[in-house]
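These notes concern the structure reproduced below.
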Amino acid sequence: MPSLHRDDEADVENESADFCHSPDMEPIPGYRLLVPLGRGGFGEVWKCEAPGGLLKAIKFVSGGLHALDDNAPAEEELRAIQRVKAIRHPFLLSIERVERISNELIIVMELADRNLGDLLRAEREAGRTGIPRERLIGYMREAAEALDVLNDQHGLQHLDIKPQNLFLFSNHIKIGDFGLVSSLKAPGGQGLAAITPTYASPEVFKGSLSSHSDQYSLAIVYQELLTGQRPFVAKNARMLMLMHCQEQPILDSLPVCDRAIVARALAKNPTDRFASCTEFVNALSFGMTEVVAPLTEIQPEAATTSRKVVKRSVDPTRPMIPACLDGPLEIGELVSRSPLSDVWRASLADGSQRMVSVLYGCAGPGDPNIALLSSLRHEHIEPVEVLLHVPGQIVLCRQTSERTLRDESQAYRAMGMVGIPRRELLYQLRLVAETLDYFAQHPGIQHLALNPRSIELSQHSVRIVHFGLAQLVWLPANQDVAQLNARYAAPELLERRISSTCDQYSLALIYHELLTGEYPTFAKPVRRGEPPTLSLDRLSPTDQVLVGRALHPDPSKRWESLIDLIRALEAASAEAEEPVQNQGGFGASMIGPLRTPSQGPRVLDPAMHMRFGTSLSSDLIKQRLEGFRNQWQAKTLTDESARLVYQMSTPQNFWQRWTTRQPGLEIAFTIGQPDIAVPSGVQTSVVVQLHLEARNCAFEEGREMLRRVGPLLADSVRQHLQIGSGVRKQQRVAWHHPFQLWPILSNRDIGEPIDCQGKDISLNGIGFYVQKPLPTAEVLIALPKTPQTPSETVMAQIVRVQRFVEGWFEVGAVLPPPDELPPDEELE
């Protein structure tokens, strides 16, 4: 299908060409045509004014012209749109409305600033060969990301990648014109007349598809936009087809470092190309450490003049930095990039660090919203400073952060825990809720882009970042804020509606994910026209009710405020169950469905993993575990010096008997060795790892089996491995707070402080994690102030040390009774 944009491939004559439509027509009520943008063999594209004065692009596809393979063009276009309309990605052009009127398909889309074909034409008119290389690779990286999403996650190929279909929006790329999109599983019947021969891959000419077809086209686009020349040039489409299928590409115009890379992407055999479009672009960016200096002018003698090789290191993803930043700030690494902003680390002259954000597509100077944004002040809001404000661009500066809630969650998971402990998480989210409620009631501003990375931690407080940007900057610029935060956006935002409870919906999702370690899954397949129903079965029954109300599709049925939700969760804390990692004392977690980009959902057998510490020798451990096996009537599968694997069968249901499947649990023990140097008098434990995995049963059946039997097996293992003094006499409670301790040296001096992470605590003991073994058995512990307890400094005696996960050690210490605490003078 030829392009519907003005280019040398399309059958577009000029502005005065006769179009089937005319200015001021309203093909759809409220959509007034302004000027034509282009015409192809199957239809036209116009600029139009939509309701509310918004400017859009509107495409007309005729239904009975030049039908191929017995399919009308409008039907082919509609079939392709059905494949992509539900896919949301910041680098894909959004389709906003599709109508079929009078044998004509009408498609309303975003209106771009221009396409890369226009940009190349402007560069050549200015006397340059093409788009500067590092800038071009940034564009290619965004296009590659979108193409890989289409291919890996949806099994689709675009099949019409060319400069005219790569649209510019505020210096970022969006791929458009989806008329040829085809599925790799069920390829469409596109004829050769529908493709653009200049950019099509050999297999497309042969009537087949591969997952690397778009990569071939992208490589041709890269060479053309960089050098102004294509690898294949012919007088007609038939000659082009033969060259694509049989001839080697002409790559002389490319820098030497690019030729082998582009040649691989243009391989005749699709399997010889790069694994993905992103891998192709990464190879180009790695080659930028030695690049050919671009010619600033097109000169006749350029082909015979040797060009200087310039040694330099550049970041292909780094856009142009405003000149005003060169003085006060030293710009460092690129932190993140989105269609609407770029964020860098920067340093001031005094060495202090800052985060600099460049926002695109904004209103010009004098916008009162920008003044309001810079005036927002609150102890839990990170203030921003406006460094530059010009039409279409704002540069903001703020303090750097130590860590976010996302980082905190990952730290707990690295220690074998499911997520952030409930009480700690609610303490942090209470501060967030109070702050957001304050701004919602007074200036009437919501965050609208809340996620775990926008909540930063500072000691025992929080700071909310990016507050006000969505409502004060992006919405007035007619940007789709839901696309910027699709994972946590309220459903009404996806429909471009704002309710007073949008932030509450996001906060409820954050609570679920950070507490359980998993994002809620859909309880049933999402059907068109129906609101999604989320599964909350990872939460306690009480939490399911409370969080379910906050996630209601109808905004009016949610909580009155965010703090009402948090108070309800706090009131339920006494009866809510902690996540399963607290079972066994060392952490246990359920492994849910794993998703792979190319294969869709893939469910693994549910499993639990636990660790135990014991002072028994390895031989005695094996003897004790043999008693465990006999108790549970398990069958031995593996018996090695450091590994035992047992199989325990469970009763079969009718279906399992009929299919001869024997459900059960595989019980695997891995016995470690004591390898830690510890102070005299400190006991080092042998770590025994227990892995329980359900076999030959459905996922839900396996998970239920582990819930019922897992704790019983864990208790049985504990009884068999622990002896006399090893059995706890005091009940321990989870205590997940960071603190410091000081080793007391042999000369009674106090050593350097050591950072620790709390695990659990009892009346006479404490368990915690450190990243290196302690040098002494006697320590001074500074217990921090928490929402429930005051700060306190106590003496403690280390009694146990064992390896935990990689890079961490688990330590057990005895706390003295109150009457044995040393006097204050000794502590000083």
Take the residues in region 385-432 that are farther than 20 Å from Ser458 by Cβ, assigned to a helix (DSSP H, G or I) and under 19 Å from the mean Cα position of the chain (by Cα), then tell me which one is modelled with the lowest pLDDT. Ala414
Can you name every residue in region 764-784 that is farther than 10 Å from Val811 by Cα, assigned to a loop (DSSP other than H, G, I, E, B) and in contact (Cβ under 8 Å) with a residue 40 or more places away in the chain? Asn764, Pro775, Thr776, Ala777, Pro784
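Let's see how each residue does on (1) within 21 Å of Leu745 (Cβ to Cβ); (2) at pLDDT 85 or above; (3) of a type in the set (Val, Ile, Thr); (4) assigned by TED's automatic domain parsing to the domain that holds Val687:
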| position | (1), (2), (3), (4) |
| --- | --- |
| Tyr769 | no, yes, no, no |
| Pro775 | yes, yes, no, no |
| Thr786 | no, no, yes, no |
| Thr789 | no, no, yes, no |
| Ala796 | yes, yes, no, no |
| Arg803 | no, no, no, no |
| Phe809 | yes, no, no, no |
| Asp819 | no, no, no, no |
Given Ile750, Ile744, which one is of a type in the set (Val, Ile, Thr), buried (at least 16 other Cβ atoms within 10 Å of the Cβ) and not assigned by TED's automatic domain parsing to the domain that holds Ala411? Ile744
Within region 148-175, the residues that are of a type outside the set (Asp, Glu), assigned to a loop (DSSP other than H, G, I, E, B) and surrounded by 23 or more Cβ atoms within 10 Å (Cβ to Cβ) are His158, Leu159, Ile161, Lys162
Which of the numbered conditions does Ile137 fail, given that it passes all the others? Conditions: (1) surrounded by 19 or more Cβ atoms within 10 Å (Cβ to Cβ); (2) at pLDDT below 90. (2)
Would a scan of region 67-89 turn up a residue that is at pLDDT 85 or above and outside the structural domain of Leu166 (by TED's automatic domain parsing)? yes
Is there a residue in region 743-752 that is at pLDDT 80 or above, in a strand (DSSP E or B), farther than 30 Å from Glu570 by Cα and under 40 Å from the mean Cα position of the chain (by Cα)? no
Please work out if Ile131 is in contact (Cβ under 8 Å) with a residue 40 or more places away in the chain, farther than 20 Å from Ala486 by Cβ and touching a Lys or Arg at 6+ places or on another chain (Cβ under 9 Å). no
With respect to Ala17, is the statement that it is farther than 21 Å from Gly176 by Cβ and either modelled with pLDDT of 85 or more or surrounded by fewer than 19 Cβ atoms within 10 Å (Cβ to Cβ) (or both) true? yes
Of all residues in region 85-112, count the ones that are among the β-branched types (Val, Ile, Thr) and surrounded by 19 or more Cβ atoms within 10 Å (Cβ to Cβ). 3
It is to be established whether one or more residues within region 151-168 are touching a Ser or Thr at 6+ places or on another chain (Cβ under 7 Å), of a type in the set (Gly, Ala, Ser) and assigned by TED's automatic domain parsing to the domain that holds Leu254. yes
Only residues that are surrounded by 14 or more Cβ atoms within 10 Å (Cβ to Cβ) and under 34 Å from the mean Cα position of the chain (by Cα): list them for region 785-805, please. Thr786, Arg803, Phe804, Val805
Given the structure, is Gly751 more than 20 Å from Pro816 (Cα to Cα) and touching a strand residue (DSSP E or B) at 6+ places or on another chain (Cβ under 9 Å)? yes
Restricting to region 54-66, name every residue that is at pLDDT below 80 and touching a strand residue (DSSP E or B) at 6+ places or on another chain (Cβ under 9 Å). Ser62, Gly63, Leu65
Taking the condition in the same structural domain as Leu431 (by TED's automatic domain parsing), at pLDDT 90 or above, more than 30 Å from Ile394 (Cα to Cα) and in a loop (DSSP other than H, G, I, E, B), does Pro553 pass? yes
Test for Leu226: is it in contact with a Gly (Cβ under 7 Å, 6 or more places away or on another chain), in a helix (DSSP H, G or I), buried (at least 16 other Cβ atoms within 10 Å of the Cβ) and in the same structural domain as Glu203 (by TED's automatic domain parsing): yes
Pairs please, first residue from region 696-717 and at pLDDT below 80, second anywhere and assigned to a helix (DSSP H, G or I), Cβ atoms under 8 Å, 6+ apart in sequence or on different chains. Asn696/Gln656; Cys697/Gln656; Cys697/Met705
Whichever residue in region 456-488 is in contact with a helix residue (DSSP H, G or I) (Cβ under 9 Å, 6 or more places away or on another chain), part of a loop (DSSP other than H, G, I, E, B) and among the hydrophobic types (A, V, I, L, M, F, W, C) and, among such residues, is nearest to Gln428 (Cα to Cα): Val465
Which condition number in (1) closer than 26 Å to Thr521 by Cβ; (2) modelled with pLDDT under 85; (3) assigned to a strand (DSSP E or B) is the one that Val687 fails? (1)
Quick one: Ala143 ticks every box in (1) in a helix (DSSP H, G or I); (2) modelled with pLDDT under 90 bar one, so which box is it? (2)
Tally the residues that are under 23 Å from Ser461 (Cα atoms) and among the charged types (D, E, K, R), restricting the search to region 748-788. 4
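The values are calculated or read from the model by the stated rules, or taken from the named source; none is laboratory data. Since this is a predicted model, take the numbers as computed values, not measurements. Reconstructed Cβ throughout: ideal geometry from the backbone, glycine too, with neighbour counts over all protein chains shown.
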